[in-house]
Every structure is written in C-alpha cells, then in structure tokens.
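S.K.: Quick one: this structure, given as structure tokens, is what I'll be asking you about.
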Amino acid sequence: MRYALLSLALLATPAFAQIEIDNAWTRATPPGAKTAAGYMTIRNQSSLPDRLIGAASPLAARVEMHVHLHDGDVMRMRQVKGYDIPANGSLELKSGGAHLMFVDVKRPFKEGEKIPVTLRFERAGEMKVEFRVGRLN
Ligand SMILES: [Cu+2]
C-alpha cells in the first residue's frame, strides 16, 4: 500500500504543478539606464507550495529577485534567493515590494514592447512569460 501511494504521488506531481502568471509588466527605461523592475502576480493553483528560484531574459545580463526593506526612512533593495508561493495562493510582485530586477539591460525597454523572461520554479519547472512594457515613469 505504501508503494502504491508513493508512485501515485510521483505520477501526480506534474498535474499539481500549476503556476499561472498574471499582469507581468515593467516600465520603459530612459536612455543609459542599467536596470528595470518587473512586476507580476504569481498564482499557484496547486495544493503544494512552490518557489520561484530563478529568472532570466535575453535582454538583461541577469534578472535578480529583490525585496524592499524599510530602513528608518530609507527604502533599500535586497536580493533574495527566491520567493515562496503558498499552496492555492498567490504572490504579488509590485512597486514598493518584491520585484524582479533586470540588471545591465542590453538596450532600453520601449513602451509597448514585450520582454521575454524565463521563470524557474522549484516544482513547476521553467516557464516562459512576456513582460509588457508600460510607460516611462
Ligand atoms: Cu530591485
């Protein structure tokens, strides 16, 4: 019986690894800017927690995961190794909170274009997402 349950769990893993990305966007960058922040909502429709463990884009040397911390009156960004996505829950990356950071962008992001990003989840694996570029702020 124990073996039967184990193999069932292994077979079931891909079906439960269901991640959906909503509203992935970034901003147009001014000429010479080296970084841009990316936002999105990550929904986990699985009954198991997942974790975003990496991100990459052909348009940036690297894509880091950042959080904002209040240090007195100063907001600081700190790089983290990943974001936990709760089972049957979601995580919103937004301005002033957790965000992706495109570092050393290869050229300016232009309003209206889409930036390809590959996300890597511990359980759901790799996923390709396009980040819509909003207006320069
Ligand atoms: Cu940042």
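The values are calculated or read from the model by the stated rules, or taken from the named source; none is laboratory data. All values reported here derive from a predicted model rather than from experimental measurement. All Cβ positions, glycine included, derive from the backbone under ideal geometry; neighbour counts span all protein chains shown. Accessible surface areas use protein heavy atoms only, side chains included; no ligands, DNA or RNA. Shrake-Rupley method; radii C 1.70, N 1.55, O 1.52, S 1.80 Å.
S.K.: Give the long-range amide H neighbours of GLY54: residues separated by 5 or more places, or on another chain, with amide H under 5 Å away, using H modelled in the peptide plane at 1.01 Å from N.
M.R.: ARG120
S.K.: If you stretched the chain out fully between LEU136 and ALA87, how much longer would it get, using 0.36 nm times the residue separation minus the C-alpha to C-alpha distance?
M.R.: Result: 14.2 nm gained on full extension.
S.K.: Loop-only GluC sites (Glu not before Pro) in the range 49-137, please: DSSP not H, G, I, E or B, and at most 16 other Cβ atoms within 10 Å.
M.R.: GLU111, GLU113, GLU122
S.K.: Follow-up. Charges on Cβ only, +1 for Lys and Arg, -1 for Asp and Glu, centred on the Cα centroid of the chain; of LEU119, GLY89, SER47, which one is farthest towards the dipole's positive end?
M.R.: Result: LEU119, furthest along the dipole toward the positive end.
S.K.: In addition: Restrict the search to the range 27-80; then list the trypsin sites (Lys or Arg not before Pro) that DSSP places in a loop and that have at most 16 other Cβ atoms within 10 Å of their Cβ.
M.R.: LYS34
S.K.: Carbon and sulfur: what percent of the chain's accessible surface (1.4 Å probe)?
M.R.: It is 54 percent, rounded to a whole number.
S.K.: Still on this structure, please answer the following. Sum -39500 (n - 2.57) across every DSSP H segment of at least 4 residues in the chain, then divide by the residue count to get the 222 nm mean residue ellipticity, nearest 500.
M.R.: Rounded to the nearest 500, the figure is -3500 deg cm²/dmol.
S.K.: Stretch LYS114-HIS68 to full length: gain in nm at 0.36 nm per residue minus the Cα-Cα span?
M.R.: So the chain would gain 14.1 nm between LYS114 and HIS68.
S.K.: Which ³J(HN,Hα) values, rounded to whole Hz and listed in residue order, are derived for the range 50-66 from phi using the Karplus coefficients 6.51, -1.76 and 1.60 in 6.51 cos²θ - 1.76 cosθ + 1.60 with θ = phi - 60°, glycine and proline given as x?
M.R.: Computed from phi, the couplings for the range 50-66 are 9, 8, 7, 10, x, 8, 8, 9, x, 9, 9, 4, 7, 10, 9, 9, 10 Hz.
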